[in-house]
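A short reminder: the numbers here are calculations on the coordinates, not readings from a lab. Since the structure is predicted, the reported quantities are computational estimates derived from the model, not experimental observations. A quick note on method: Cβ atoms are made from the backbone with ideal geometry, for glycine too, and the neighbour counts reach across all protein chains shown.
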Amino acid sequence: MESESSTRRMRSLYRTLLESDPSVTSADVVHEEATDLPLPDLRRALIAKYEANPATQRIELRVAGASVGVTTRRRVCRKPGDAGVVGDTPAGEGDRATQPGDSTRYRTVDFRCSSCDQGASLSFYDERRMPKCPTAGHHVMELVREGAES
């Protein structure tokens, strides 16, 4: 790394792996990378180094010869977690996340072919791009008006 701005960029890029306490400056081992790596790749490399050195609790991260910071076993080896899932509860099924029943703010827009019984339901439509009947020789489907019989 050639400048302080590059070091700041690396610290920002790898902030989830680096110890946030600025007083932590000592490390048991040094991990050197020639260039910056994507965060998941660096995390895997650091986990491998921690596994190869069971007594190691801190690793100094250096990129292109410049010290970026100190990682700790606790920060690097913790599981990143699952986005949107807490335990066995999928996203949207938590406390007041969704209300029971169908939404009253959205309706499907129905279309029907005038030549056959083919239909389509869309969440929206653009009059410039109306749905077409998949049957050969048939054309654009017609909008079924609410309350109209099919």
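For the reader, a short list of remarks on this structure follows.
- Listed peptides 40-52, 18-30 appear in the order 40-52, 18-30 once ranked by packing, highest mean of other Cβ atoms within 10 Å at the front.
- Here segment 4-77 yields Rg over Rh of 0.92, to two decimals, using C-alpha coordinates and the Kirkwood radius.
- Where a label projected 7 Å from the Cα of residue 11 along Cα→Cβ would reach, residues of segment 58-79 with amide N under 20 Å: 58-73, 75-76
- Reducing segment 46-80 and segment 111-146 to their Cα centroids gives an inter-centroid distance of 59 Å.
- Taking 0.36 nm per residue of sequence separation and removing the Cα-Cα distance, the residue 3/residue 142 pair yields an extension gain of 43.6 nm.
- Taking the DSSP beta bridges with both ends in segment 4-77, the antiparallel portion is around 60 percent.
- Computed about its Cα centre, the charge dipole of segment 4-77 is approximately 240 debye, with only Lys, Arg, Asp and Glu carrying charge at their Cβ.
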